[in-house]
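Everything on this sheet refers to the single structure shown next.
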Amino acid sequence: MSRNYTTISPSALSLLRMKGHTSIPFAQEAVALMGSANHVSLPEDVNEQLYYWMRVFHFEARYASINSLLGDIQPKNILELASGYSFRGLDYCINHDVHYIDTDLPEVIALKTNLIKDLIANNGTIFKGKLETMALNALDEQHVDHVVARFDNNALTIMNEGLLMYLNTDEKKKVCNIIHKHLLQKGGYWITADIYIKHPEDKVKNLKMSKEESDFFAKHQIDENKFDSEAAAEDFFKNQGLIIDQVAHVDLRSLSAYNKLLQYVPEEVKREKKPMPKIRSTWRLRAI
């Protein structure tokens, strides 16, 4: 079955291509479904290549960090917000007895639903769980209430990666208040991979973004929407009635993009053996 996926937004398509370099479930297959016309060569500039592979590595680590916080709580109800073209829900429902509602804005969900149908058809998929894909604006409290009502009485796990950096402080507070209400009512956790921290310019001045990505960051005020520090982030959530239950720890050497990234790291940097600057964390939060 072949569909036209050319209307996927450039940013979402770029992220999916990056994930296609990793072992993230269904990412490579989804990129293949979009056809060779969507293939883009790697940047010619050496510094841009390093930055590109750092991004690939970053997104694989972010994906893995959420999985690391799911295992010990064995959720029965999962609501993913702003999931984009991630297929965690499909993978999770194949392997777990769970009710998973995968959500994003309508234009994303329309295309994603078709991609999932093709992925299922190509794999002869058998589900242990129940997967739903639904349009949802995470800031629309009434709509979120309606979606949450689809779950049974088991505790609720809400999660996201790639949402909070698009929201200003007031919008973050609104999302927190909506989530806090439902966690108090049903019990459970919020797993967010969006604890992005502002960092000094000198730590990244030698890394070169593409113009497309630089323009995207400026347009959406990505850097301005990050937290000033982890302490500031913790205080922010605490003020919204949410406290840290656990912080994700991922063995970065186990990621499929790790060795690829090493090929682009300058030898002098390898010799320094300094850890990469920490720009993000994944937290499991609970309501109080």
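The values are calculated or read from the model by the stated rules, or taken from the named source; none is laboratory data. Quantities reported herein were computed from a predicted structural model and do not represent experimental measurements. Positions of Cβ are backbone-derived with ideal geometry, glycine not excepted, and every protein chain shown enters the neighbour counts.
Any residue at all in region 222-232 that is over 22 Å from LYS198 (Cβ atoms) and in contact (Cβ under 8 Å) with a residue 60 or more places away in the chain?
no
In region 144-174, which residue that is among the polar types (S, T, N, Q) and in contact with a strand residue (DSSP E or B) (Cβ under 8 Å, 6 or more places away or on another chain) is surrounded by the most Cβ atoms within 10 Å (Cβ to Cβ)?
Per the criteria, the residue is THR157.
Let's see how each residue does on (1) in a strand (DSSP E or B); (2) under 15 Å from ASN239 (Cβ atoms):
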{"position": "PHE151", "(1), (2)": "no, no"}
{"position": "ASN154", "(1), (2)": "no, no"}
{"position": "MET159", "(1), (2)": "yes, no"}
{"position": "LYS172", "(1), (2)": "no, yes"}
{"position": "CYS176", "(1), (2)": "no, yes"}
{"position": "LYS181", "(1), (2)": "no, no"}
{"position": "ILE191", "(1), (2)": "yes, no"}
{"position": "ASP194", "(1), (2)": "yes, no"}
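Find all pairs meeting these conditions: Cβ atoms under 7 angstrom apart; at least six residues apart or on different chains; first residue within region 175-192 and surrounded by fewer than 18 Cβ atoms within 10 Å (Cβ to Cβ); second residue small (Gly, Ala, Ser).
Once the first residue is surrounded by fewer than 18 Cβ atoms within 10 Å (Cβ to Cβ) and sits in region 175-192, its partners that are small (Gly, Ala, Ser) give LEU184/ALA287; GLY187/ALA155.
Filter region 165-217 down to the residues that are touching an Asp or Glu at 6+ places or on another chain (Cβ under 7 Å) and of a type in the set (Phe, Trp, Tyr), then identify the one that is modelled with the highest pLDDT.
TYR189
Right, ILE78: in a helix (DSSP H, G or I), in contact (Cβ under 8 Å) with a residue 12 or more places away in the chain, farther than 20 Å from VAL31 by Cβ and in contact with a helix residue (DSSP H, G or I) (Cβ under 8 Å, 6 or more places away or on another chain) or not?
Considered against the rule, which asks whether it is in a helix (DSSP H, G or I), in contact (Cβ under 8 Å) with a residue 12 or more places away in the chain, farther than 20 Å from VAL31 by Cβ and in contact with a helix residue (DSSP H, G or I) (Cβ under 8 Å, 6 or more places away or on another chain), ILE78 comes out as no.
Among the listed residues LYS117, LYS181, LYS174, LYS128, identify the single one that is closer than 29 Å to HIS58 by Cβ and of a type in the set (D, E, K, R).
Result of the check over LYS117, LYS181, LYS174, LYS128: LYS174.
Filter region 1-34 down to the residues that are under 15 Å from ASN114 (Cα atoms), modelled with pLDDT of 70 or more and outside any helix (DSSP H, G or I) and list them by number.
Within region 1-34, PHE26, MET34 qualify.
Among helices (runs of 4 or more DSSP H) lying entirely in region 210-288, which contain 1 or more residues that are surrounded by 15 or more Cβ atoms within 10 Å (Cβ to Cβ)?
211-219, 230-239, 258-262
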